[in-house]
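*Asks:* Handing you this structure, nothing more for now.
The values are calculated or read from the model by the stated rules, or taken from the named source; none is laboratory data. Note that the structure is a prediction, hence the values are computed from the model and not measured. Methodologically, a virtual Cβ is constructed for each residue, glycine included, from the backbone with ideal geometry; neighbour enumeration extends over all protein chains shown. Keep in mind that these areas ignore ligands, DNA and RNA; they rest on the heavy atoms of the full protein, side chains included. Shrake-Rupley method; radii C 1.70, N 1.55, O 1.52, S 1.80 Å.
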Amino acid sequence: MNLFETIAGHATAMRLPLYAVTVTRVARRDDAALLSLHWHGFLRRTPLKIPGVDLPPRPVAQSMARLDMSGERLDGLENALLEAAWQLGAWDLERVVRPAWWRLGVPATEVSEALRAFGYVNGDLDGDDPEQGDHTMAEAPNREEMLREAGRRGYVRWLFRPRKCGIWSAVHDGSDETLDSTGGRTLPCPVVAGPPRETEPQRTVYRLGRASGLQLRSS
């Protein structure tokens, strides 16, 4: 599984910088996952031009695709993500494990996080929100089924913020000593996935960048 080529190819086609990359998978289900590419950019809502009327732009929708993981090892997805994050110059890769959220007394924030992880915005699960199509460009027809299954079993979400192909390339702090002149890194990635644990909520951060000294900025 080469996620780096997939992400870099989409970035080249979109010609927009990435803000973040996320991958979501139903807990204890290793056959499929959702890849989400979050873009930094704005577009007009309509090509219509009205003299004297300033039509507001809208954020570019995130791109989503279903990853087929059939035949992959349980830690194969996480290692592929580590390699992609490494090549794209991310400072770290975060993994969070969330519990089943279809239960009595669940906090509204927990439900909202789950919906966003599977590409649903403003609580629109049944398509009642006419703005929903503006938030997600999806090539994953089974994501609603995956969302409902995650409500019963929980889910795992990974996130990293790329410097190469991303908006973070504009931050020239020079603190990460592992980056090359393009803002990325070459393989092999020195960090490997740890043992998968999905039985309880947790947060794991894999540090990829390195800074040897403390940099103070003058005001």
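*Asks:* For the stretch 112-128, check the following and say yes or no: at least one residue is closer than 14 Å to L35 by Cα, assigned to a helix (DSSP H, G or I), of a type outside the set (K, R) and at pLDDT 90 or above.
*Replies:* Yes, the stretch 112-128 contains at least one residue that is closer than 14 Å to L35 by Cα, assigned to a helix (DSSP H, G or I), of a type outside the set (K, R) and at pLDDT 90 or above.
*Asks:* Related question: State yes or no: is R66 at pLDDT below 85, open to solvent by 30 Å² or more (accessible area, probe 1.4 Å) and under 22 Å from A150 (Cα atoms)?
*Replies:* So R66 fails the test.
Yes or no, residue by residue, for (1) open to solvent by 80 Å² or more (accessible area, probe 1.4 Å); (2) part of a loop (DSSP other than H, G, I, E, B); (3) among the β-branched types (V, I, T):
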residue	(1), (2), (3)
L147	no, no, no
G151	no, no, no
R157	no, no, no
K164	no, yes, no
D180	no, yes, no
G184	no, yes, no
P190	yes, yes, no
G194	no, yes, no
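*Asks:* Right, another one. At pLDDT 85 or above and within 29 Å of P196 (Cα to Cα), is that true of E83?
*Replies:* Here the answer is yes, as E83 does meet what is asked.
*Asks:* Out of the stretch 86-111, which residues are surrounded by fewer than 18 Cβ atoms within 10 Å (Cβ to Cβ), modelled with pLDDT of 95 or more and in a loop (DSSP other than H, G, I, E, B)?
*Replies:* Within the stretch 86-111, none qualify.
*Asks:* For the stretch 72-85, what are the residues that are in a loop (DSSP other than H, G, I, E, B) and either more than 17 Å from R29 (Cα to Cα) or in contact (Cβ under 8 Å) with a residue 40 or more places away in the chain (or both)?
*Replies:* E72, L74, D75
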